Amino acid sequence: MEQAALAKLSAIIPQISAVPGLGHLPEAAVIAAHQQVPLTSIRYNPCKLNFSQPELPAVPWSSYGVYLTERPVFTLDPLFHAGAYYVQEASSMFVEHAFKNTVQRGEVPLRVLDLCAAPGGKSTLLASLLHEEDLLISNEVIQTRASVLAENLTRWGQMNTWVSNNDPKDFAKLPEYFDVMLIDAPCTGSGLWRKDADALDEWSRDHVKLCSERQKRILADALPALKQDGVLLYATCSYSAEENEMVCDWICENMGMESLKIPVETAWNITETVSEKHHAAGYRFYPWQLNGEGFFLAAFRKKEAAEQEEPARKQKKQQQKGGNPKAKDETQRWKAWLNNDFALIEKNEEWYGIHAAHKKDYELLQPLLRIKKTGTALGKIAGKDIIPDHELALSIHLSGDVKRVAADKETALLFLKKEEVLKDNPVKGWQLLTYEGLGLGWGKWLPNRMNNYFPKNWRIRMELR
Ligand SMILES: C[S@@+](CC[C@H](N)C(=O)[O-])C[C@H]1O[C@@H](n2cnc3c(N)ncnc32)[C@H](O)[C@@H]1O
């Protein structure tokens, strides 16, 4: 951080509310931490890569996170485009530890909602913790950000992760539907100042107040959709008690929730806090104490469900728009492309595969939410041909029988720039272009040319070095 930004930071620190039981932030330590460059960390996709990089230091509270020694140009790494890893700030990876220590699995698959999910760091993490028959609804209210979210979850490759583009209050139509809810709320973002010094200019006590009110509104809108005994993980990247411990007190007081403690190792240097009124446990990550940015997380269990209307899932099933009687026949054609059991859906001549266990969820959710990613988009049927969707290329469920052509790094990057590659490939027709065994996208090889089907708006725009 530059001197001018450090001076602004110095002026703001005393204005940030004291932490219950701990007092004000230690100015000298905060300033010293903000003079350092933040570490870069990534989290592997266990469905795509074996976690086998013991030479890199592990993020202590994560199974798949590691710190890098320098920040590479991720755009120029084909593995990034293949969804082999996600670039994620280390403190946020604590969501894994919180999930594993608070969510109890029964026999029934879990339904999980990530309410404020874009760009998808915590959704890709949650996805890696789920079983195939669990369902993750990853939601983002801002449309453009929901598209980025869908892109990142597409790279991650799982059929059980769907993306919706809804306001939190829309989830009121789904009373007691979810077993787990992550609310990584919009906040003042003070914990990320080291990465984004411009955000210092937006900080004010009024903005803290505004964020705190919005956080409560989001929680009040969404929590009716959590089941009794369901788990809420509430997170921010703010240092303000008004956005953290005071919101926790409000949750206990108004939302029928009880706080859950999360065991943490002393060596991790996470600061445990207790809210003033209801003694709710909170976990603070301070960059001057550990290798990560500022972060806060608290966990709760829903004690009792409020009086509910008839649950939406008991509604008479709505006749599905686009429900297609031919779907059964077409299943056979798509079977050749997938390695798992799936149910087939057709919408506007586009075909989608969802886990067979999620058919009822689809019938219920489709009319209630604006779903932007439904399972895995498979593609289109064009007479005898099939035009496979890009989502299928990145899917972990793609059949091993689908023809593949391996590319070296240089060729892979040209492909990702949407250029014609491997023109002399003797095998014709649709093939998946792979890099280090992972799918990057589709190409169709014709006798005298190659058509590159990599999506135009995803292509690498920078110069290759
Ligand atoms: C902290 S960010 C989420 C980061 C994300 N969970 C991740 O790990 O990549 C908060 C998100 O909340 C969204 N948001 C902003 N205002 C909102 C509102 N009123 N209701 C719900 N979400 C909102 C923002 O667009 C943003 O994507």
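Structure above, values below:
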read-out: Residue check for Lys418: surrounded by 12 or more Cβ atoms within 10 Å (Cβ to Cβ) and in a strand (DSSP E or B); value: no
read-out: Matching residues in the range 132-148 - criterion: being more than 8 Å from the ligand (Cβ to nearest atom), under 13 Å from the mean Cα position of the chain (by Cα), free of Cβ contacts under 8 Å to residues at least 40 places away in the same chain and assigned to a helix (DSSP H, G or I); value: Val148
read-out: Per-region count, the range 241-266, residues closer than 25 Å to Trp193 by Cα and over 25 Å from the mean Cα position of the chain (by Cα); value: 3
read-out: Residue within the range 370-381 that is under 21 Å from Arg155 (Cβ atoms), assigned by TED's automatic domain parsing to the domain that holds Arg459, part of a loop (DSSP other than H, G, I, E, B) and in contact (Cβ under 8 Å) with a residue 40 or more places away in the chain present; value: no
read-out: Some residue of the range 316-334 being hydroxyl-bearing (Ser, Thr, Tyr), assigned to a helix (DSSP H, G or I) and modelled with pLDDT under 90; value: yes
read-out: Tally, over the range 103-122, of residues that are part of a loop (DSSP other than H, G, I, E, B) and either within 13 Å of the ligand (Cβ to nearest atom) or outside the structural domain of Pro60 (by TED's automatic domain parsing) (or both); value: 6
read-out: Within the range 152-168, considering residues that are part of a helix (DSSP H, G or I) and within 13 Å of the ligand (Cβ to nearest atom), the one surrounded by the most Cβ atoms within 10 Å (Cβ to Cβ); value: Leu153
read-out: The lone exception for Lys173 - which of (1) within 14 Å of the ligand (Cβ to nearest atom); (2) more than 24 Å from Phe295 (Cα to Cα) it fails; value: (1)
read-out: Residue pairs meeting the criteria (Cβ under 6 Å; at least 6 apart or on separate chains; first part of a loop (DSSP other than H, G, I, E, B), in the range 393-411; second among the polar types (S, T, N, Q) and buried (at least 21 other Cβ atoms within 10 Å of the Cβ)); value: Leu394/Thr154; Ser395/Thr376
read-out: Test: residue in the range 149-159 that is out of contact with any His (no Cβ under 8 Å at 6 or more places or on another chain) and of a type in the set (Val, Ile, Thr); value: no
read-out: Selected residue (only one of Leu125, Leu210 is within 13 Å of the ligand (Cβ to nearest atom), in a helix (DSSP H, G or I) and surrounded by fewer than 17 Cβ atoms within 10 Å (Cβ to Cβ)); value: Leu210
read-out: Residue list for the range 170-187, restricted to those being within 18 Å of Arg145 (Cβ to Cβ) and either more than 14 Å from the chain's Cα centre (by Cα) or basic (Lys, Arg) (or both); value: Asp170, Phe171, Pro186, Cys187
read-out: Subset of the range 175-208 (residues that are of a type in the set (Lys, Arg) and free of Cβ contacts under 8 Å to residues at least 12 places away in the same chain); value: none
read-out: Tally, over the range 216-249, of residues that are among the small types (Gly, Ala, Ser), within 16 Å of the ligand (Cβ to nearest atom) and out of contact with any Leu (no Cβ under 6 Å at 6 or more places or on another chain); value: 3
read-out: Candidate set from the range 188-207 (those that are within 12 Å of the ligand (Cβ to nearest atom) and not in a helix (DSSP H, G or I)); member that is nearest to the chain's Cα centre (by Cα); value: Gly189
read-out: Residue, surrounded by the most Cβ atoms within 10 Å (Cβ to Cβ), within the range 240-292, restricted to residues that are of a type in the set (Ser, Thr, Tyr) and part of a loop (DSSP other than H, G, I, E, B); value: Ser240
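Residues checked against (1) touching an Asp or Glu at 6+ places or on another chain (Cβ under 8 Å); (2) surrounded by fewer than 23 Cβ atoms within 10 Å (Cβ to Cβ); (3) in contact (Cβ under 8 Å) with a residue 60 or more places away in the chain; (4) closer than 21 Å to Gly120 by Cα:
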{"residue": "Asn339", "(1), (2), (3), (4)": "no, yes, yes, no"}
{"residue": "Trp351", "(1), (2), (3), (4)": "yes, no, no, no"}
{"residue": "Lys360", "(1), (2), (3), (4)": "no, yes, no, no"}
{"residue": "Glu363", "(1), (2), (3), (4)": "no, yes, no, no"}
{"residue": "Asp385", "(1), (2), (3), (4)": "no, yes, no, no"}
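The values are calculated or read from the model by the stated rules, or taken from the named source; none is laboratory data. The structure presented is a predicted model; accordingly, all values stated were derived computationally and were not measured. No Cβ is skipped: glycine too gets one built from the backbone with ideal geometry, and neighbour counts run over all protein chains shown.
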